[in-house]
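A short write-up of the structure that comes next.
The values are calculated or read from the model by the stated rules, or taken from the named source; none is laboratory data. Worth saying up front: this structure is predicted, and the values here are computed from it rather than measured. Cβ sites come from the backbone with ideal geometry, for glycine too, and all protein chains shown count toward neighbours. For accessibility, only protein heavy atoms count, side chains too; no ligands or nucleic acids. Shrake-Rupley method; radii C 1.70, N 1.55, O 1.52, S 1.80 Å.
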Amino acid sequence: TMSEILCRQDEAVALVTLNRPQKYNALSAGMLDTLLSTLKQLDKQPDVRAIVLLGGPRAFSAGADTGTLAAASAIELWRSGFSEKWDQIATLEKPLIAAVSGYALGGGLELALLCDIIIADSSAQFGLPESHIGIIPGAGGTQRLVRAVGKSLAMEMLLAGRRIDAQEARQAGLISQLTEPDELEARALALAKQIAKAAPLAAVMIKKAVAASYEMPLSAGVAYERTLSALIADSEDRASGLAAFSNKQTPTFRGR
């Protein structure tokens, strides 16, 4: 069978594609496992500095595969670790960009929300329809959507099952860029290549600091940022970055 997760590399960028088009990239437990192991492997590769996560033209992902979940009892679901697996995506160190075309619904939107940046094309549709099939999001949707778009819009999407299009998603701050469908992959790749020019240690520290901003009070977050800022002063990359800057050259970063 064709692999449900495809991976290719372009310079320092890895492009990971959800490839189950006949099911609108609905995420089965096995597909999520493969996605997670692929991302974890890329996270360890020094030659990869940013990762782009893509779906297909009709769907980024229409959610978790309800077929595989419907048969499981509550205890089986709880013990399966299915929900916890999503959290491991949030702990990746490499910058992760979701490039959304078509449907990003339920678990598909939750997956995008786990990424650092979401960009979308004009065909994108975002929603959390769980309440209308008798369930609620279980992979962080109620928590991360509120933080991304604010309470009122999140509540409309959660309670009324309302979908928003790419234009509204951009106005709400859910996505950072809106492109035409034929430009989405190129735009995501260009953004990832720009990110890949950053010092790898700086990128890791920025991800950790921003993640911490959701978990701790402002004063503690600023103190944590200050610690990381002092720590990176000890890196080889900072020395070469400052030298290159003063000589008007492009630095070569090694992640040390």
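Accessible surface ranking for Trp86, Trp78, 1.4 angstrom probe, highest first: Trp78, Trp86. A simple rule links phi to the HN-Hα coupling: the Karplus curve 6.51 cos²θ - 1.76 cosθ + 1.60 with θ = phi - 60°, which for region 43-51 gives 4, 8, 8, x, 7, 9, 10, 7, 10 Hz, with x for Gly and Pro.
Less than 5 angstrom separates the built amide H of Gly161 from none of the residues sequence-distant by 5 or more or on a different chain. Straight-line reach from Lys44: taking Cα to Cα under 18 Å and skipping same-chain neighbours fewer than 8 places apart, the aspartates and glutamates in range are Asp10, Glu11, Asp33, Asp87, Glu93, Asp116.
Helix 218-232 and the longest principal axis of the Cα set of the chain meet at an angle near 50°. Largest GNM mean-square fluctuation across Gly56, Gly107, Gly241, computed for the chain with C-alpha springs under 10 Å, falls on Gly241. Only one residue of Gly81, Ile119, Ala50 has its Cα farthest out toward the positive end of the dipole of region 1-153, where Lys and Arg carry +1 and Asp and Glu -1 on Cβ, and that residue is Ile119. Averaged over its residues, region 37-172 has an accessible area of 46 Å² per residue, based on protein heavy atoms and a 1.4 Å probe. Report, as a whole number in µm² per second, the diffusion coefficient that Stokes-Einstein gives for region 121-177 at 20 °C and 1.002 mPa s using the Kirkwood radius over alpha carbon pairs. Answer from the Stokes-Einstein relation: 188 µm²/s. If you take all other residues with their beta carbon under 9 Å from the beta carbon of Gly140, and give Lys and Arg +1 and Asp and Glu -1, the sum is -1. For Asp65, the residues whose modelled amide H falls within less than 5 Å of its own, excluding neighbours fewer than 5 places apart on the same chain, are Leu27, Ser28.
Note down the magnitude of the dipole of region 118-256 about its Cα centre, charges +1 on Lys and Arg C-beta and -1 on Asp and Glu C-beta and zero elsewhere, to the nearest 20 debye.
With only Lys, Arg, Asp and Glu charged at Cβ, the dipole is about 500 debye.
Look at the dipole of the chain built from charges on Cβ: of Leu6, Ser61, Ser176, the Cα furthest out on the positive end belongs to Ser176. The orientation-averaged shadow of the Cα convex hull for the chain, equal to a quarter of the hull surface, comes to 15.1 nm².
A 1.4 Å probe, protein heavy atoms only, puts the accessible area of Lys94 near 30 Å².
For the chain, give me the percentage of DSSP beta bridges that are antiparallel, rounded to the nearest 5 percent.
Details: 8 of 30 bridges.
Close to 25 percent.
Per-residue Karplus couplings for region 233-249, computed as 6.51 cos²θ - 1.76 cosθ + 1.60 with θ equal to phi - 60°, are listed in order as 4, 8, 8, 4, 4, 5, 4, 6, x, 5, 5, 5, 4, 6, 9, 6, 10 Hz, Gly and Pro entered as x.
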